[in-house]
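The values are calculated or read from the model by the stated rules, or taken from the named source; none is laboratory data. A quick note: this is a predicted structure, and the numbers were derived from the prediction, not measured. Cβ coordinates were reconstructed from backbone atoms using ideal geometry, including for glycine residues, and neighbour counts include every protein chain displayed.
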């Protein structure tokens, strides 16, 4: 399963000549001996999540595609993604709460967001609304769990809290790149992760991760890794415990 693919944050074009999918995602998969993607997940259609998936669609056999996009989003990058799915005649579904995936070898994934019906976060496709419709996945292997938040913000976190879903996880992929409007105190108290991973570019102009978010993670004794400081972060599970292996300590 590949979840999101990075990309440029410029919504006006699918790529800027520096295709992160071609330069990073596909080569990384190959270095790990991965030459087929069984499930390709797009959490939401923002350019910094969808752009890198275009090369994956072009260069890798893909089994099925799950898309968390709820509202119309006619940007070139997202439309190019949909065109790539269609041209390859791939199985395609809109992800929603309640879906369960058996990934084999004792690994499963449950979709916790977006809700199966309605538009609880609104119908205006502004950045915050689109973020809150992100696919949220809880992966399970044995007694270990991973909670992957996409760019979900506080509103989606509250919906998850209210849903009664089991949110406990060993590893939390922090929502919205560690922004201040995600990883609330109440949410962290429910998840109780040992580790958190924050995906963010070095010297990004958004200021991610927020000092407030880092402070909340630290106050809850959550060991946090950041891709701007640690590079790629690998979490290994044997079904009983999880071990973190950052590329740069």
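Of everything in the range 182-194, what is assigned to a loop (DSSP other than H, G, I, E, B) and either outside the structural domain of residue 237 (by TED's automatic domain parsing) or buried (at least 18 other Cβ atoms within 10 Å of the Cβ) (or both)? Give them in sequence order.
182, 183, 184, 193, listed by residue number.
Tell me yes or no: at least one residue of the range 125-135 is touching a helix residue (DSSP H, G or I) at 6+ places or on another chain (Cβ under 6 Å), buried (at least 16 other Cβ atoms within 10 Å of the Cβ) and free of Cβ contacts under 8 Å to residues at least 60 places away in the same chain.
yes
Restricting attention to the range 38-69, report how many residues are under 16 Å from the mean Cα position of the chain (by Cα) and part of a strand (DSSP E or B).
Going through the range 38-69 one residue at a time, the tally reaches 7.
If you scan the range 75-91, which residues turn out to be in a loop (DSSP other than H, G, I, E, B) and either modelled with pLDDT of 95 or more or assigned by TED's automatic domain parsing to the domain that holds residue 120 (or both)?
The answer is 88, 89, 90.
Considering the range 203-222 alone, what residues qualify as being loosely packed, with under 13 Cβ neighbours inside 10 Å and farther than 15 Å from residue 176 by Cα?
Selection gives 203, 215, 218, 219, 221.
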